[in-house]
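Structure record follows, encoded as structure tokens.
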Amino acid sequence: MNKKKILILVGLIIVFIGVRYYNVDTTISVESLLENKERFIAFAERHFLSSIIIYLLLNIVLGAIGVPVYGVFTMAAGLMFGFFEGLFLSMSAAVLGGYISFNLSRYAFRDFFHKRYGNRVKKFEKRIEGREFAHLLGLRLLPGFPYFITNIIAGLSPIKIPPFLTSTIIGILPSAI
């Protein structure tokens, strides 16, 4: 494993430990959003640009490492910024977070999976060959199937970046609305 991959892995571990240490994954919930909605709305009104930056950074980073916050963050965006702006921000953050986890999977872990599960990976790639977009879109539209896992699967597959981004945008739009 080269130095770049080791740094990526160490960085992921540090962020993951931080998320667990501060209980971010259990603190972010629909209940806590509803209990504090006036505070979020007031903050967004007083500090509009800062609230957008904080929202995007949190949503992108937590989404990229697989903390299941997409639904809560999408609702928060709607409350804080309104329907259209919230939709745009939540979609942007989800696509960027997905793109990051896609690339982490592809460039940091793909070799590992190919070496360890070579035959299975080759069978999988052969099965979806020429239909990568349709398979990925199907996973995006499948209720309850985690976006993070879809991003990892896509990163391990031969899908190219434009079909990945397009299927992500189309696939998460219904749940974002």
On the accessible surface of region 51-173, probed at 1.4 Å with all protein chains in place, carbon and sulfur together account for a percent value of 71
Compute the long axis of helix 132-141 from its Cα atoms, compare it with the longest principal axis of the Cα atoms of the chain, and write down the angle in degrees, 0 to 90, nearest 10. 40
Region 33-177 - Rg (one decimal) and Dmax (whole number), Cα, Å: 16.8, 56
What size of dipole, in debye to the nearest 20, comes out for region 7-163 about its Cα centre when the only charges are +1 on Lys and Arg C-beta atoms and -1 on Asp and Glu C-beta atoms? 940
Keeping all protein chains in place, calculate the accessible area per residue for region 50-177 (probe 1.4 angstrom), answer in Å². 53
Modelling each spin label as a point 7 Å along the Cα-to-Cβ direction, I'd like the D111/I17 distance in nm, to one decimal. 2.4
Given a Förster distance of 35 Å, the FRET efficiency implied by the Cβ-Cβ spacing of R120 and L34, rounded to the nearest 0.05, works out to 0.20
Principal-axis tilt of helix 161-176 within the chain, Cα atoms, nearest 10 degrees: 40
Sorted on mean Cβ neighbours within 10 Å (highest first), peptides 32-41, 66-75, 156-165 come out as 66-75, 156-165, 32-41
C-alpha center-to-center spacing [region 126-161, region 55-78] in angstrom: 20
Given Cα pairs under 8 Å that are at least 6 residues apart, what percent is the relative contact order of the chain? 22
Helix 147-156 versus the longest principal axis of the chain: what is the Cα-based angle in degrees, 0 to 90, to the nearest 10? 30
Rounded to the nearest 500 deg cm²/dmol, what is the calculated helix-only ellipticity per residue at 222 nm for the chain, with -39500 (n - 2.57) per DSSP H run of length n ≥ 4? -25500 deg cm²/dmol
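The values are calculated or read from the model by the stated rules, or taken from the named source; none is laboratory data. Source: prediction; values computed, not measured. FYI the Cβ positions are ideal-geometry reconstructions off the backbone, even for glycines, and counts take in every protein chain you see. The accessibility values were calculated without ligands, DNA or RNA, using every heavy atom of the protein model including side chains. Shrake-Rupley method; radii C 1.70, N 1.55, O 1.52, S 1.80 Å.
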